[in-house]
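Written out below as structure tokens is the structure these notes cover.
Rule-based calculations on the coordinates, nothing more; no lab input. Every value quoted in this text rests on a predicted model; they were computed, and no experiment measured them. Neighbour counts run over all protein chains shown; Cβ positions are idealised from the backbone, glycine included.
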Amino acid sequence: MSLDISALNNAPRLLMRAKLQPLQGTRFQPTGFPEIGAAEYDGPHGEKMLLVESSQSLANRMEEVCWDKVADDWVEPLRGLSVIKVNDKNGKPLTNSVLEAHRINSPYILEGKDKTVFDRLKSELASMEEGFVDLRKLASILLKLDSNALLHGVFLAKKELAGGRLRLPRALSGFIEASNVKTATSGGVKNDGVNPSGDTSKGFGNVPFARDEFVSPDIDAFFNLDLAQLRGYGFPQPVYELLVALALFKVRGFLEEGLRLRTACDLECVSIEVKRPEGFQLPSWGELKAALPGLIEAAKADAGFEVTTVTYTSAGKAKKSNQESATETTDANDEGDKE
């Protein structure tokens, strides 16, 4: 089965908006952040707004629908794409470049004793030690090793790799927000039937607690696919079409299977609308699942997809200074680190 994406030929972005609602009842629980809790803010017209899911978290969730954890492989329609798998010293699956927090920049891929990927990157990117970074060359290497990085974004924060300047911004991004929100306050008690007046600091006793959830008439998921960025890599048309289809698969898969965000935040998609460009009809998830195997096969010769397996054992490196660690973490968060 083929996909017709000709309506996207001259569009710089593909913008989508999905209307969501709680699957049961009216309340939902948003994402929380250290020290501030829920991210509440005033909208441009004074309406009460709430960030339900951040761009970092949504990127992670769109990747989860792509990976079969039981098989330790891509889900069936995506088999054949490139990926880096990490095994432990006993040969058992440990993590991979699709799910790992820093993706290909993960310490489990680059910092262990197995330097397969690190040495490959250093060798193939040696020409970028000085001067401008050749983003097309970087993209072509990532396509072979970790095709998901071209959509998720990547920051190879290693001074040995072009001085830590190798970075691709995220091409597919999204977030969920709610407007005109109201707080639904409730609470409960952790009961201790054995010793209700026990020392609560040690986990004993009855402990009452307050709980805030929210209600909203409008919960929206927004998605942005940077088509101009993907075209800028200069890939042959079959590779470009595959990357677009993979991005659409991630969006559709998340809306179909990934909306149970938390115990108290189980949502469903009511409708999805393409805002730009006009006239583009978003393929169904079934159409994407049917088309992707053929698209992967068509792109394989140009892409050179590889499945790389490394074994992680600690390299025993000295700890970084606090300043180095803080800088690297901050930069990585900009490109989709775990929340």
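Around the amide H of residue 39, modelled in the peptide plane, lie the amide H atoms of 51, all under 5 Å away and 5 or more residues distant in sequence or on another chain. Of 132, 118, the sequence from fewest to most neighbouring Cβ atoms within 10 angstrom is 132, 118. By the beta-carbon count within 10 Å of each Cβ, the least crowded to most crowded order of 16, 62, 49, fewest first, is 49, 16, 62. On the beta carbon distance between residue 159 and residue 215, with R0 = 51 Å, the FRET formula returns roughly 0.55.
Cross-link check: pairs 137/250; 92/158; 69/89; 92/159; 144/300 evaluated at a Cα-Cα cut-off of 21 Å; pairs beyond the cut-off: 137/250; 92/158; 92/159. Residues whose amide H falls under 5 Å from that of residue 21, counting only those 5 or more places apart or on a different chain, are 268, 270, with hydrogens built in the peptide plane.
Counting every other Cβ atom within 10 Å of each residue's Cβ, 200, 263, 95 order from fewest to most as 263, 200, 95. Taking amide H positions as modeled 1.01 Å from N, with prolines and chain starts lacking one, the residues under 5 Å from residue 218 and 5 or more places away or on another chain are 179. Working note: Karplus 6.51/-1.76/1.60 with θ = phi - 60° gives the range 87-97 the couplings 10, 7, 5, 9, x, 8, x, 10, 6, 7, 6 Hz, where Gly and Pro are set to x. Please work out which option in [x] 21.7; [y] 20.0; [z] 16.9 gives mean projected area of the Cα convex hull in nm² calculated from these coordinates, and answer with its label. The value computed from this structure is option [x].
Estimated from helical segments only, the mean residue ellipticity of the chain at 222 nm is -8500 deg cm²/dmol, where each DSSP H run of four or more residues counts as -39500 (n - 2.57).
Cβ-Cβ distance of residue 71 and residue 116, R₀ of 22 Å, FRET efficiency by 1/(1 + (r/R0)^6): the value works out to about 0.45.
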